[in-house]
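The values are calculated or read from the model by the stated rules, or taken from the named source; none is laboratory data. All values reported here derive from a predicted model rather than from experimental measurement. Glycine gets a Cβ as well: all are built from the backbone with ideal geometry, and neighbour counts include every protein chain shown.
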Amino acid sequence: MKKIIVTGGAGFIGGNFVHYVLNARKDWRVICLDALTYAGNTETLADVWKNPNFRFVKGDITDVSAVSKLFEEESPDYVVNFAAESHVDRSIENPSVFLTTNIIGTQVLMDACRKYGTERFHQVSTDEVYGDLPLERPDLMFTEQTPLHTSSPYSASKASADLLVLAYHRTFGLNVSISRCSNNYGPYHFPEKLIPRHIPRFLYS
Ligand SMILES: NC(=O)c1ccc[n+]([C@@H]2O[C@H](COP(=O)([O-])OP(=O)(O)OC[C@H]3O[C@@H](n4cnc5c(N)ncnc54)[C@H](O)[C@@H]3O)[C@@H](O)[C@H]2O)c1
């Protein structure tokens, strides 16, 4: 049985991923590690709560001893790191927690992967590490070769984590991957984000 730790699984995308894995890989054990910040919501996981292949652990990815304990108990094959402070406007008001969670948290998880021989670490990043494209140039697009050009403490913290992930691969040989998706929308989206915030306004104004 493969074991996967999904951090931030009580959040929007991580929650969808937990559902996806439990459906697509019936013989996998999914362990969700989430600190349940303002953005976390266990209701997101109500459907899977009693699934015997699912375990929820409330914990902070920056907490070295909690992370170590979990890795010791579970010996995960894979780790997918969704846990993050993810709201750009909040990062402008208070950058500190963004640097701690998004950078140090990633380091703590990768150190645990090294120590416990995890097969692969996947970092969920963002296209915001590339900055903005000019509105008047719809022909332009980001590619993996586009230079990093961050524009907020949020995107800078995610780009920093990405560089750290690549450094862990080069320095320690950790098997890593990074995805940099654009804005997502869908079930379990937190209402502070653009689409779920504005749809009710259009509907009820
Ligand atoms: N939402 C998007 O459109 C989008 C786009 C590109 C990239 N991303 C990235 O995808 C990932 C998930 O985004 P989201 O929108 O689902 O985020 P979210 O804010 O909905 O969820 C984040 C989750 O992480 C948890 N968390 C926060 N700090 C933690 C900590 N220190 N330890 C453990 N858990 C912690 C929260 O409790 C929450 O459940 C993030 O890494 C984000 O940078 C999101």
By residue number, the members of the stretch 1-28 that are in a loop (DSSP other than H, G, I, E, B) and of a type in the set (Gly, Ala, Ser) are 8, 9, 10, 11
Output for Cβ contacts, cut-off 8 Å, separation at least six or different chains, first residue touching a residue at least 12 places away in the same chain (Cβ under 8 Å) in the stretch 164-185, second away from the ligand (no atom under 14 Å from the Cβ) and in a strand (DSSP E or B), reads 165/176; 166/176; 168/176; 175/120; 176/120; 177/120
Of those in the stretch 107-125 that are touching an Asp or Glu at 6+ places or on another chain (Cβ under 9 Å) and within 12 Å of the ligand (Cβ to nearest atom), the residue nearest to residue 152 (Cα to Cα) is 125
Within the stretch 55-64, can one find any residue that is over 28 Å from residue 159 (Cα atoms), at pLDDT 95 or above and either charged (D, E, K, R) or within 7 Å of the ligand (Cβ to nearest atom) (or both)?
-> yes
Of the candidates 27, 34, the one satisfying the condition of being modelled with pLDDT of 95 or more, of a type in the set (Asp, Glu) and near the ligand (Cβ under 7 Å from one of its atoms) is 34
Just a yes or no: is a residue in the stretch 134-152 under 29 Å from residue 70 (Cβ atoms), crowded, with 16+ Cβ neighbours inside 10 Å and touching a residue at least 60 places away in the same chain (Cβ under 8 Å)? no
Those residues of the stretch 167-185 that are over 16 Å from the mean Cα position of the chain (by Cα) and either in a loop (DSSP other than H, G, I, E, B) or surrounded by fewer than 20 Cβ atoms within 10 Å (Cβ to Cβ) (or both) come to a total of 8
Restricting the stretch 147-201 to residues that are at pLDDT below 95 and β-branched (Val, Ile, Thr), the one farthest from the ligand (Cβ to nearest atom) turns out to be 199
Sole miss for residue 129 among (1) closer than 30 Å to residue 2 by Cα; (2) among the β-branched types (Val, Ile, Thr); (3) not in a loop (DSSP other than H, G, I, E, B) is condition (1)
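Residue-by-condition table, conditions (1) among the charged types (D, E, K, R); (2) over 12 Å from residue 8 (Cα atoms); (3) in contact with a Ser or Thr (Cβ under 7 Å, 6 or more places away or on another chain):
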position	(1), (2), (3)
52	no, yes, no
64	no, yes, no
85	yes, no, yes
98	no, yes, yes
Of the residues in the stretch 88-102 that are within 17 Å of the chain's Cα centre (by Cα) and closer than 22 Å to residue 64 by Cβ, the one that is surrounded by the most Cβ atoms within 10 Å (Cβ to Cβ) is 102
